[in-house]
Amino acid sequence: MAQYETLGHYYDALVKDEEASRRWVDWIESYQPGKRFLELACGSGEITEMLADHHEVSALDLSAAMLQAAAAKDPDHKVTYLKQDMRDLSNLDQFDAVGCFCDSFNYLVEDQEVQDFFGQIADHLPAGGLFLFDSHGLARLQEFEQDYEEAGEFEDGTQVQWMISAVDGLIYQDFAFYLPDGRTIEEHHMQRVYDPNTLQSWLDQAGFEVLDLSGDFGDESLENCEKYFFACRKR
């Protein structure tokens, strides 16, 4: 699991997109997820805070830096933030819905890890409870066969170089942060891309019915999409 301990401080500056976050929330709300919502790998809390306007939200992340950024957006303490690994939910109660967004799911890179993950989520939902998540589309592997590189500078003077590559079903994201004090900090992230048919089979085994599988909020075909969107209901 990636820790995001440096990236977490700059995450919003790199990727924050309020319009995209609103689309996420609209997609989530279209399934009427109920009162109690658990968000896994909540990151900097952009989606979380929007969900908290209408739900009792608990949100967890493994990165202290990400949780610090999320908590700063929650001055009224509407959200219960937890620092923990999404692979172990044993200390949590039941929820009406569970969500895992923005390709956080793809940090699970082993077959058994994913199957256990689906099983744990099922254990924390009642019959009829919802599990909503996305996963990198297979087209991303082709997109990053040729390395993608980007560079920039943040307001505090820190410079960043960011490279994305894909090899053998895995997407690698490598960051180098060049701090004003002369230090260089590197972060390396690895995610696995799954065939949606395999995921559907494992979801079925865990006791879920897939209500809908679409590409990019339904805007793109499954063959060409960046993300698969799964809406699942516990049987």
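The values are calculated or read from the model by the stated rules, or taken from the named source; none is laboratory data. The structure displayed is predicted, hence computed values, not measured ones. Quick reminder, even Gly has a Cβ in these numbers, built from the backbone with ideal geometry, and neighbours come from all protein chains shown.
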Which listed residue, of D88, D61, is within 14 Å of the chain's Cα centre (by Cα), of a type in the set (D, E) and more than 15 Å from F133 (Cα to Cα): D61
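Considering every residue within segment 167-178, establish whether at least one is more than 18 Å from V109 (Cβ to Cβ) and of a type in the set (S, T, N, Q).
No; the residues of segment 167-178 include none that is more than 18 Å from V109 (Cβ to Cβ) and of a type in the set (S, T, N, Q).
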By residue number, the members of segment 1-52 that are over 26 Å from Q161 (Cα atoms), part of a loop (DSSP other than H, G, I, E, B) and not aliphatic (A, V, I, L, M) are S30, Y31, Q32, P33, G34, K35
Quick check on my filter: what residues within segment 10-45 are out of contact with any Ser or Thr (no Cβ under 7 Å at 6 or more places or on another chain), more than 30 Å from E155 (Cα to Cα) and either surrounded by 14 or more Cβ atoms within 10 Å (Cβ to Cβ) or not assigned by TED's automatic domain parsing to the domain that holds Y107 (or both)? W27, I28, Y31, P33, G34, R36, F37
Under 7 Å between Cβ atoms, which residue pairs at least 6 apart in sequence (or on different chains) link something in segment 141-152 that is touching a residue at least 40 places away in the same chain (Cβ under 8 Å) and among the hydroxyl-bearing types (S, T, Y) with a partner that is part of a helix (DSSP H, G or I) and surrounded by fewer than 11 Cβ atoms within 10 Å (Cβ to Cβ)? none
Scanning segment 82-134 for residues that are aliphatic (A, V, I, L, M) and exposed (fewer than 14 other Cβ atoms within 10 Å of the Cβ) gives A127
Residue check, Y81 in the same structural domain as Q200 (by TED's automatic domain parsing), hydroxyl-bearing (S, T, Y), outside any loop (DSSP other than H, G, I, E, B) and modelled with pLDDT of 95 or more: yes
Of these, D134, D103, which one is on the phi > 0 side of the Ramachandran plot and touching a residue at least 40 places away in the same chain (Cβ under 8 Å)? D103
